[in-house]
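Read-outs: derived from the displayed coordinates by stated rules, not from any lab. If you're wondering where the values come from, they're calculated on a predicted model, not measured in any experiment. So basically every Cβ, Gly included, is an ideal-geometry build from the backbone, and we count neighbours across all protein chains shown.
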Amino acid sequence: MAQLKTKDSHDLGMHDEQLTGRTQQVFFDSSEEENFTYPGAFDVDFDKRAELDAAELENKAINLRIRELMSQGFGTIMVRNPGAKHSLGVGILNRLQLEFDGSLGYFGCGLIDGPNVRIKGRVGWSCAENMMAGTVVIEKNAGSTFGAALRGGDLVCKGDVGSRTGIDMKGGTIIVGGRTGMNSGFMMQRGRMVILGDAGNNLGDSMYDGTIYIGGKAQSLGVDAVEGEMTDVDIQWLKHKLSIYGLDAPNGVENMTKIVSGKKLWNYDNLEPAEKKLVL
């Protein structure tokens, strides 16, 4: 049985909170040899490849065909002609190399835990909502609520994204290669967001925890979002993470701005109504 390790994230200097109320914080030791897989997960081989032409298929049939291929051991699947259909690649709780040769509609790749996904085109609203683990890389632009309620893994858009990026984010990393819209990082609870371009109004509004790095300018910071001190750990982490996806900060990671919670809304649930009005 793997042992829980509660210290890794603190060693990285990503957050220093001392929660006294409810929390779902659980960290696993990355050095554990035991694999955590879902019951019924398929044993796939990444060297076993398949292609799927989605041009004449409905979205449900496409998702079922992907599952069928996984059950046959295919670990690398290319979906051609996705045609911006909605809700493709959702609910995959399996190791998988999945590539879409085109664009997706809304709710693409939501509720996934484990696959590595590459999308050559654009994505609509709520891409990778509630993603637990794995990677999703979008080569072009993304719509609003990108990575809503993200819990783990890396979600990368190399272009621009819409408003409310990472809303209610609970873990993982979101990287935006271009600009992001208003209310990004709203009610962020954990995780890291990296924005290489500019951000709209209310960046990090009401964030409880987590870290936002921005390479450009934010039109305004939200309630309780304040600038933090960039440390050597931040810079090393940013360089490493951006290099994985072939991205660079236009002005250098050393010149990025770090945004953190001012902690005035900390343990918001414990405040009395009158106190909430005073804080807000």
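How far apart, in nm, are two points set 7 Å out from the Cα along the Cα-to-Cβ line at Arg118 and at Ser71?
Once both label points are built, they end up 2.8 nm from each other.
What ranking do 122-129, 196-203 get when scored by the average of other Cβ atoms within 10 Å per residue, highest first? Please report the intermediate quantities before stating the final value.
On the way: 122-129: 24.8, 196-203: 21.5.
Ranking the peptides 122-129, 196-203 by packing returns 122-129, 196-203.
Under 5 Å between amide H atoms, partner at least 5 residues away or on a different chain: which partners does Ile175 have, H built in plane at 1.01 Å?
Leu155, Val156, Cys157, Val194
At His240 and Lys140, where each label point lies 7 Å from the Cα along Cα→Cβ, what is the point-to-point distance in nanometres?
The answer from the label model is 3.4 nm.
Give the Rg (one decimal place) followed by the Dmax (whole number) of region 141-272, computed from C-alpha coordinates and expressed in Å.
In order Rg, Dmax, the Cα atoms of region 141-272 give 13.4, 47 Å.
Any of Lys120/Lys217; Lys85/Lys120; Lys120/Lys239; Lys140/Lys217; Lys48/Lys158 with alpha carbons more than 19 Å apart? Name them for me.
Working: Lys120/Lys217 28 Å; Lys85/Lys120 14 Å; Lys120/Lys239 24 Å; Lys140/Lys217 21 Å; Lys48/Lys158 28 Å.
Violating the 19 Å limit, Cα to Cα: Lys120/Lys217; Lys120/Lys239; Lys140/Lys217; Lys48/Lys158.
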